[in-house]
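Student: If you scroll down you'll find the structure; I have some questions about it.
The values are calculated or read from the model by the stated rules, or taken from the named source; none is laboratory data. Note that the structure is a prediction, hence the values are computed from the model and not measured. Reconstructed Cβ throughout: ideal geometry from the backbone, glycine too, with neighbour counts over all protein chains shown. All accessible areas refer to the heavy atoms of the entire protein, side chains included, with ligands and DNA or RNA removed. Shrake-Rupley method; radii C 1.70, N 1.55, O 1.52, S 1.80 Å.
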Amino acid sequence: MIILCTDGEANTGLGALDRKNQSATDFYQQAGELAKQKGIIINVITIKGGGCRVDILSKLAELTGGKVTRVNPQKLGKDFSKALDEELMASNVTIKLKLPNIMKFRNEDTEFLSFDQSLFEKAIGNATRSTELTFEYELKSPNELQNKSIDLDNLKEVPFQLQVYYTSTRGDEILRVFSHIQETASNLDEASIGANFKLMAARAAHVTSTRAEVGDLLQAKAINKKWDNFLKDTAKRVNEGNEEIQRYFKNYTKANKKLIKAINKTSRET
């Protein structure tokens, strides 16, 4: 594991960052790819108020299964301890997630999709106990379904399958397969009762941040608005009596306001 701690923008050497210096961006991409191949996790810790380029440095964590943490200097020791707790569980991890052919993934890079966007396949490198991936999917359009002879009105369940290929910490190469049959719901309210609000909030933050990182700020805010409306108008409402979900919603609201504030700040700077 490597912990990269920075209190400002890299300004010298191979990793010197300059908004006009593409070679520096390539350097961090290559460093992350190399660490990923070697089974090394890179955690990035930055100091609040510093001017470091998190948009570029975050690639190191993203590629290697690490995390980016912005801290108050007075809490630096605590966050170092958290980073050290991220024990490597598997390396060379590749996942394949299969949807039924009437569905397709949404808000994913097309480079990872095949079989009419019904199969997601990606090499994610390292994994720890806290590694979490989220996905969205939707029904294909009527034009895409016209040759599939599916009676959607009487569709009671749909199958999913996840395949995980990885190398264990002992060096064994392993394949695990998880299959699941999901019952369908007749409406959105029904499907949202007892839903995993924490996971949906994580998805909203992930897809918003991903779009913002590539500079698509308008799309990031549009996607975030759709998620925010659903979580407020449906998920929170139909789970009014669920104290855990209501608590998650309060935490989500605070975190999402900070995320949108950061995106708006970036919009003004650009």
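Student: Hey, which of these cross-link pairs are over 20 Å Cα-Cα: Lys36/Lys75; Lys98/Lys122; Lys236/Lys257; Lys38/Lys67; Lys96/Lys198; Lys48/Lys75?
Tutor: Where the Cα-Cα span goes over 20 Å, the pairs concerned are Lys36/Lys75; Lys96/Lys198.
Student: Would you list, by chain and number, the aspartates and glutamates whose Cα falls below 18 Å from the Cα of Lys82, excluding same-chain residues fewer than 8 positions away?
Tutor: Glu62, Glu132
Student: Can you work out D for the chain in µm² s⁻¹ from Stokes-Einstein, where Rh is the Kirkwood radius over C-alpha pairs, the temperature is 10 °C and the viscosity is 1.306 mPa s? Mind showing how you got there, number by number?
Tutor: Numbers: Rh = 20.9 Å.
Translational diffusion coefficient: 76 µm²/s.
Student: Something else: Any idea what the dipole of segment 182-268 comes to, in debye rounded to 20, about its Cα centre with Lys/Arg Cβ at +1 and Asp/Glu Cβ at -1?
Tutor: Magnitude of the dipole: close to 720 debye.
Student: Same structure again: Before anything else, pin down the relative contact order of segment 136-196: Cα pairs under 8 Å, at least 6 apart, normalised by residue count, whole percent.
Tutor: 28
Student: Using Cα positions and a limit of under 14 Å, work out the aspartates and glutamates in reach of Lys232, with same-chain residues fewer than 8 apart set aside.
Tutor: Here the aspartates and glutamates satisfying the reach criterion relative to Lys232 are Asp189, Glu240.
Student: Next question, about the same structure. For the chain, what is the relative contact order in percent, using Cα pairs closer than 8 Å and at least 6 residues apart in sequence?
Tutor: 13
Student: Here's another thing I want to ask about it. Per-residue HN-Hα couplings for segment 57-72, Karplus 6.51 cos²θ - 1.76 cosθ + 1.60 at θ = phi - 60°, whole Hz, x for Gly and Pro?
Tutor: Whole-Hz 3J(HN,Hα) from phi for segment 57-72: 4, 4, 4, 4, 6, 4, 6, 10, x, x, 10, 10, 10, 9, 10, 6.
Student: Based solely on its DSSP helices, what 222 nm [θ] is calculated for the chain when runs of n ≥ 4 H residues each add -39,500 (n - 2.57) and the sum is averaged over all residues, nearest 500 deg cm²/dmol?
Tutor: -12000 deg cm²/dmol
Student: OK, next. Run the numbers for Gln74 and Gln246: contour at 0.36 nm per residue of separation, minus the present Cα-Cα distance, in nm.
Tutor: 58.8 nm
Student: Let me ask something else about it. Which of the listed residues, Ser168, Leu133, Ala61, is farthest toward the dipole's positive end in the chain, when Lys, Arg count +1 and Asp, Glu count -1 at the beta-carbon?
Tutor: About the Cα centre, the residue reaching furthest to the positive side is Ala61.
Student: Moving on to the next point. Among Ser168, Ser141, Ser149, which one shows the highest mean-square fluctuation when the chain is modelled as a Gaussian network with alpha-carbon springs under 10 Å?
Tutor: Of Ser168, Ser141, Ser149, the Gaussian network model singles out Ser149 as fluctuating most.
Student: Here's another thing I want to ask about it. Would you kindly give the portion of the calculated P(r) for segment 25-165 that falls above 27 Å, as a percent of all Cα pairs? Could the numbers behind the result be given before it?
Tutor: On the way: 3823 of 9870 pairs.
Result: 39 percent of Cα pairs exceed 27 Å.
Student: Could I ask something else about it? Of all GluC sites (Glu not before Pro) in segment 120-209, which ones are in loop regions per DSSP and have a Cβ with at most 16 other Cβ atoms within 10 Å?
Tutor: Passing sites in segment 120-209 are Glu132.
Student: On to the next question. Please report the relative contact order for segment 68-224, taking Cα pairs under 8 Å with a sequence separation of at least 6, and give it as a percent rounded to a whole number.
Tutor: 21
Student: Please work out the average accessible area per residue across the chain, using the 1.4 Å probe convention, and give it in Å².
Tutor: Accessible area per residue, the chain: 63 Å².
Student: If you don't mind, another one. Express the carbon and sulfur contribution to the solvent-accessible surface of segment 99-163 as a percent, rounded to the nearest whole number, probe 1.4 angstrom.
Tutor: Ligands and nucleic acids excluded, carbon and sulfur give 44 percent.
Student: Could you work out the per residue convex hull volume over the alpha carbons of segment 122-270, in cubic angstrom?
Tutor: 174
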